[in-house]
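*Asks:* First the structure, which I've put down as structure tokens, then a few questions once you've had a look.
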Amino acid sequence: MIKHYINGTWLTSESKESLAVHNPATGEVLAHCPLGTAKELDQAVQAAKIAFKTWRSTPAVDRVQYFFKLKNLLEENFEEISKLITLEHGKTLAEARGDIRRGIQMVETACGIPTLMMGDHFEDIAPGIDCKAVNRPMGVFGVIAPFNFPAMVPFWFWPFGVATGNTVVLKPSERVPLTQMKIFELIEKAGFPKGVVNMVHGGKDVVNAMCTHPDVKGVSFVGSTPVAKHVYVTSTSHGKRAQALGGAKNFMVVLPDAQLDKAAATAYESITGCAGERCLAGSVVVSVGADTAKKIEELVVMRAKETVIGSGLDSKVTMGPLISQAAKDRVKALIQSAIDDGAKVLVDGREGVDQLPGYFLKTTVLKGILPHMKIAKEEVFGPVVLLAESDSLDSCISWINSSSFANTTTLFTTSGAAARKFSYEVDPSMIGINIGVPAPMSFFSFGGSKDSFFGDVKAHGNACITFYTDTKVTVERWGSDANIWSQK
Ligand code: NAD
């Protein structure tokens, strides 16, 4: 049974509404996720507010001891968590292991908070006057997660919020609550004090209650662009800090001097890994020159035909299902829109899948993609390789920068000069050079720009200190008479 975790206690939701959680490989209903209420969110916020009073003054070196314990518990339960991710999300076991591994890395980095959150001190900013700045926790923070990384994404935020001395309320995606149920069992085992880390399940009612709650100081969000914008606008207009990471449309450019076999393999994996349900998934592969385009096309089509779909628990399977029938229908409709707009089908991943249980699509490869097409503008979030051709790096950069999204982009080349020009001129905030997925590393900051990110301060890395703390500056003058302390 899916329960809230509030003030160190597992609570059954009073909500009458719930959402069925499916195994997307079979369609089997695994559980029902309660769609919690604003009242339950308030209960969690009040618990977190009370816990903050003592947690904030618990020395950082003591706070991180809970994270060392949690790291070990996560390692001990690594395979069980990976299987849960595959079960409720559908990605392959290898991909699920990557999901939890990156999450654990966030916990490891949070263990360094005593060093990371140190402030500044400067003597004699004026004669006899010193100045110090300390980074202080602020109170209760909310975290809202998407479905596509059931383990990793919540870890992008709450360990940093909590290690810096704040308390948190997490709302996992209602489509994949099981992974966080297991992780919260481990959070409980690690012994975090009551109320420091809370979890409330639900959908938009819980999100809206979090973004408007007077005792929530800030909100960290990841999800689709329309909801990211809504969360950012609502939270900031209610006086909160907000960082909202949204959707994407990621372009991959192949120059004629690239190692084409490696470029094709890397682009293919980027687009179809996790069945395309990654915010860093490549989407449009733009080859410069007809010869480059022809070679990339041959290599990608070959790979698409080799893809083995099925349950992610089967080691022979290379691609799992999409999250839901609705997601599958949406991707199929986008493929059809591209064909209607004049794209040519090289491999049709819609064929031979409808008789399977679950929500499978095979890889689709379309060529002749042009900037005006709907599929060239919208996030696909499915295994669809879009092939396009261009005459120069400059026109590729113009295309990339005309997109309303700016999450990530990749260049395949052996030219340092081209790589430098590309990194310098493109809008997206995460750049891959001969890398298909410039993955979020815990010790670097992460987040896109334009419609892929709403906010000023990005996730994890050094940015986490800026987001989760307030800098307090004290200017001090203590006089120059050294004898004032002597006991005469
Ligand atoms: P989503 O926007 O549907 O849901 C995200 C969260 O918002 C969920 O917790 C959900 O309960 C809540 N929500 C949904 N609709 C809402 C509404 N109308 N009002 C208030 N809250 C609402 O996103 P998703 O389908 O779970 O995740 C996929 C999306 O997330 C993709 O667009 C993907 O690109 C994006 N994503 C982005 C990043 C990134 O780093 N930029 C990372 C992962 C996923």
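*Asks:* Could you please find all residues in the range 228-243 being among the β-branched types (Val, Ile, Thr) and more than 7 Å from the ligand (Cβ to nearest atom)? Please lay out each step first, then the result.
*Replies:* From the range 228-243, those among the β-branched types (Val, Ile, Thr) are 231, 233-234, 236; that's our starting set.
Once the filter is applied, which keeps residues that are among the β-branched types (Val, Ile, Thr) and more than 7 Å from the ligand (Cβ to nearest atom), the range 228-243 yields VAL233, THR234, THR236.
*Asks:* A follow-up question, please. Is it the case, given these coordinates, that VAL64 is within 27 Å of the chain's Cα centre (by Cα) and over 30 Å from PRO114 (Cα atoms)?
*Replies:* no
*Asks:* Kindly check whether there is at least one residue in the range 252-271 that is out of contact with any helix residue (DSSP H, G or I) (no Cβ under 8 Å at 6 or more places or on another chain), of a type in the set (Val, Ile, Thr), within 16 Å of the ligand (Cβ to nearest atom) and closer than 25 Å to LYS332 by Cβ.
*Replies:* Within the range 252-271, one or more residues are out of contact with any helix residue (DSSP H, G or I) (no Cβ under 8 Å at 6 or more places or on another chain), of a type in the set (Val, Ile, Thr), within 16 Å of the ligand (Cβ to nearest atom) and closer than 25 Å to LYS332 by Cβ.
*Asks:* Hey, among GLU76, GLU95, which residue is out of contact with any Leu (no Cβ under 9 Å at 6 or more places or on another chain) and on the phi < 0 side of the Ramachandran plot?
*Replies:* Just one listed residue meets the conditions, GLU95.
*Asks:* Enumerate the strands (runs of 3 or more DSSP E) found wholly within the range 272-376, keeping only those where 1 or more residues are of a type in the set (Ser, Thr, Tyr) and surrounded by 22 or more Cβ atoms within 10 Å (Cβ to Cβ). Explain how you work it out, then say what you get.
*Replies:* Numbers: elements: 282-288, 344-347, 364-367.
The strands (runs of 3 or more DSSP E) meeting that bar are 282-288, 364-367.
*Asks:* Condition (residue is out of contact with any Gly (no Cβ under 6 Å at 6 or more places or on another chain) and among the β-branched types (Val, Ile, Thr)) applied to the range 218-230: is it met by at least one residue?
*Replies:* Yes, the range 218-230 contains a residue that is out of contact with any Gly (no Cβ under 6 Å at 6 or more places or on another chain) and among the β-branched types (Val, Ile, Thr).
*Asks:* Still on this structure, please answer the following. Based on this model, can you work out whether VAL140 counts as within 17 Å of the chain's Cα centre (by Cα) and either aliphatic (A, V, I, L, M) or over 26 Å from LEU245 (Cα atoms) (or both)? Walk me through it before giving the result.
*Replies:* Working: within 17 Å of the chain's Cα centre (by Cα): no; either aliphatic (A, V, I, L, M) or over 26 Å from LEU245 (Cα atoms) (or both): yes.
It is false that VAL140 is within 17 Å of the chain's Cα centre (by Cα) and either aliphatic (A, V, I, L, M) or over 26 Å from LEU245 (Cα atoms) (or both).
*Asks:* Given the options PRO159, PRO137, name the one that is in contact with a helix residue (DSSP H, G or I) (Cβ under 9 Å, 6 or more places away or on another chain), within 28 Å of VAL21 (Cα to Cα) and assigned by TED's automatic domain parsing to the domain that holds HIS460. Don't jump to the end; show me each part of the working.
*Replies:* On the way: PRO137 fails: within 28 Å of VAL21 (Cα to Cα).
None of the others qualify; the one that does is PRO159.
*Asks:* If we only count strands (runs of 3 or more DSSP E) wholly inside the range 1-94, which ones have 3 or more residues that are touching a helix residue (DSSP H, G or I) at 6+ places or on another chain (Cβ under 8 Å)? Walk me through how you get there before you give the answer.
*Replies:* Numbers: elements: 4-6, 9-11, 18-22, 29-34.
Fully inside the range 1-94 and qualifying: 4-6, 29-34.
*Asks:* Confirm whether ASP99 is within 16 Å of the ligand (Cβ to nearest atom) and either farther than 25 Å from VAL380 by Cα or not polar (S, T, N, Q) (or both).
*Replies:* Yes; evaluated as a whole, the condition is true for this residue.
*Asks:* With the structure loaded, tell me whether ARG278 is of a type in the set (D, E, K, R), more than 16 Å from the ligand (Cβ to nearest atom) and under 25 Å from VAL143 (Cβ atoms) or whether it fails that test.
*Replies:* no
The values are calculated or read from the model by the stated rules, or taken from the named source; none is laboratory data. Bear in mind that the values here come from a model prediction, so they are computed numbers and not experimental data. We place every Cβ from the backbone using ideal geometry, glycine too, and count neighbours over all the protein chains shown.
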